[in-house]
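Since the structure comes first, as structure tokens, the remarks are kept for the end.
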Amino acid sequence: MTVTEIKELNAKKVLVTIDGHLVLPLYKGELRKYGLREDAEIDAASWSELWDIVLVKRSRLRAMNLLQKKNYTQTELERKLQENHYPQELIDQALAYVMQFHYVDDRRYAEDYIRFHSTNRSRQRIRRDLLAKGISVDLFDSVWESFLSDQEDWDEKTQIFRLLEKRHFDPATADEKARAKIFGFLYRKGYSADAIRECMSVTYESTL
């Protein structure tokens, strides 16, 4: 194996390219420790320690540190590790490591997200958000069906009326500017234009 390029990443780290394709994020001190320089061969012992001990451990710790700050879906965590320039093989190993302890659980993530946002976002908006986070369509449908079975009274129009109430919207007194503002607010939350218009035309006190 040969070091084909060393590129500075920041004041402390560099990107080391091996054999023209494998890119490793390393600290500058590790260049000296393992004798890494452009066009130099890497001996087997140094490579084994660098990959199997240093980078495997570091990528796992990075994943754990990220999860200490917030919850991630598998896809989101993978993206964060890719941003840190870890090779895909190390990322896959790190993901497998945290998933075996259920530190990453897409079903649990989707359940929590739906439960938290179901009072102020539409199904369409929640679905769009979760799919962007890497939740599959099948998983979303399954979790949403379970949510509805537990929340039989959930209804999007009821959510719209409650949001109108919180915003102190009164169709009898609202001018065009106020109507446009509240319409945009609700539309950004994913509610359909027809449902919004219907709810905005009814005094909310009569519906709750």
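The values are calculated or read from the model by the stated rules, or taken from the named source; none is laboratory data. If you're wondering where the values come from, they're calculated on a predicted model, not measured in any experiment. Glycine also receives a Cβ, built like all others from the backbone with ideal geometry; neighbour counts cover every protein chain displayed. When the accessible area is computed, the model is the full protein with side chains, heavy atoms only, and any ligands, DNA or RNA have been set aside. Shrake-Rupley method; radii C 1.70, N 1.55, O 1.52, S 1.80 Å.
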Open item on the list: List the strands (runs of 3 or more DSSP E) inside the range 1-69, counting only whole elements, that have at least 1 residues being hydroxyl-bearing (Ser, Thr, Tyr) and out of contact with any Lys or Arg (no Cβ under 9 Å at 6 or more places or on another chain).
Closed with: 3-8
Task: Conditions (1) out of contact with any Asp or Glu (no Cβ under 9 Å at 6 or more places or on another chain); (2) open to solvent by 50 Å² or more (accessible area, probe 1.4 Å); number of the one not met by Lys157 - done: (1)
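For the range 128-138, give me the residue count where each residue is in a helix (DSSP H, G or I) and open to solvent by less than 70 Å² (accessible area, probe 1.4 Å). Outline the logic, then answer.
Of the range 128-138, the ones in a helix (DSSP H, G or I) are 128-132, 137-138.
Now narrow it down to the ones that are open to solvent by less than 70 Å² (accessible area, probe 1.4 Å): 129-132, 137.
Count: 5.
Return yes or no: is Arg125 open to solvent by 30 Å² or more (accessible area, probe 1.4 Å), within 18 Å of the chain's Cα centre (by Cα), within 30 Å of Thr2 (Cα to Cα) and of a type in the set (D, E, K, R)?
On the way: open to solvent by 30 Å² or more (accessible area, probe 1.4 Å): yes; within 18 Å of the chain's Cα centre (by Cα): yes; within 30 Å of Thr2 (Cα to Cα): no; of a type in the set (D, E, K, R): yes.
When the stated conditions are applied, Arg125 does not pass them.
To keep it simple, each residue is scored yes or no on (1) under 28 Å from the mean Cα position of the chain (by Cα); (2) modelled with pLDDT of 90 or more; (3) open to solvent by less than 50 Å² (accessible area, probe 1.4 Å); (4) of a type in the set (A, V, I, L, M, F, W, C).
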{"site": "Arg108", "(1), (2), (3), (4)": "yes, yes, no, no"}
{"site": "Glu111", "(1), (2), (3), (4)": "yes, yes, no, no"}
{"site": "Arg115", "(1), (2), (3), (4)": "yes, yes, no, no"}
{"site": "Ser118", "(1), (2), (3), (4)": "yes, no, yes, no"}
{"site": "Asp141", "(1), (2), (3), (4)": "yes, yes, no, no"}
{"site": "Asp153", "(1), (2), (3), (4)": "no, no, no, no"}
{"site": "Phe161", "(1), (2), (3), (4)": "no, no, yes, yes"}
{"site": "Lys177", "(1), (2), (3), (4)": "no, no, no, no"}
{"site": "Arg188", "(1), (2), (3), (4)": "yes, no, no, no"}
Open item on the list: Looking only at the range 106-126, count every residue that is in a helix (DSSP H, G or I), within 25 Å of Phe185 (Cα to Cα) and touching a residue at least 24 places away in the same chain (Cβ under 8 Å) and tell me the total.
Closed with: 9
- [ ] Please work out which one of (1) open to solvent by 60 Å² or more (accessible area, probe 1.4 Å); (2) in contact (Cβ under 8 Å) with a residue 60 or more places away in the chain is the condition Tyr103 fails and give its number.
- [x] (2)
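Residue under question is Ser192, and the condition is that it be open to solvent by 80 Å² or more (accessible area, probe 1.4 Å) and in contact (Cβ under 8 Å) with a residue 12 or more places away in the chain; does it hold? Before the answer, list the steps.
Working: open to solvent by 80 Å² or more (accessible area, probe 1.4 Å): no; in contact (Cβ under 8 Å) with a residue 12 or more places away in the chain: yes.
Criteria not met by Ser192.
Considering each of Ile42, Ile91 in turn, give the residue that is β-branched (Val, Ile, Thr), open to solvent by less than 70 Å² (accessible area, probe 1.4 Å) and at pLDDT 95 or above.
On the way: Ile42 fails: at pLDDT 95 or above.
Only one candidate passes the filter, namely Ile91.
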Open item on the list: Quick check on my filter: what residues within the range 13-48 are of a type outside the set (Ser, Thr, Tyr), touching a residue at least 12 places away in the same chain (Cβ under 8 Å) and closer than 21 Å to Ala94 by Cβ?
Closed with: Lys13, Val14, Leu15, Val16, Ile18, Leu22, Val23, Leu24, Pro25, Leu26, Glu30, Trp47
Task: Lone unmet requirement of (1) within 27 Å of Asn71 (Cβ to Cβ); (2) of a type in the set (Asp, Glu); (3) not in a helix (DSSP H, G or I) for Asp141 - done: (3)
Open item on the list: Is it the case, given these coordinates, that Gly20 is in contact with a helix residue (DSSP H, G or I) (Cβ under 8 Å, 6 or more places away or on another chain) and modelled with pLDDT under 95?
Closed with: no
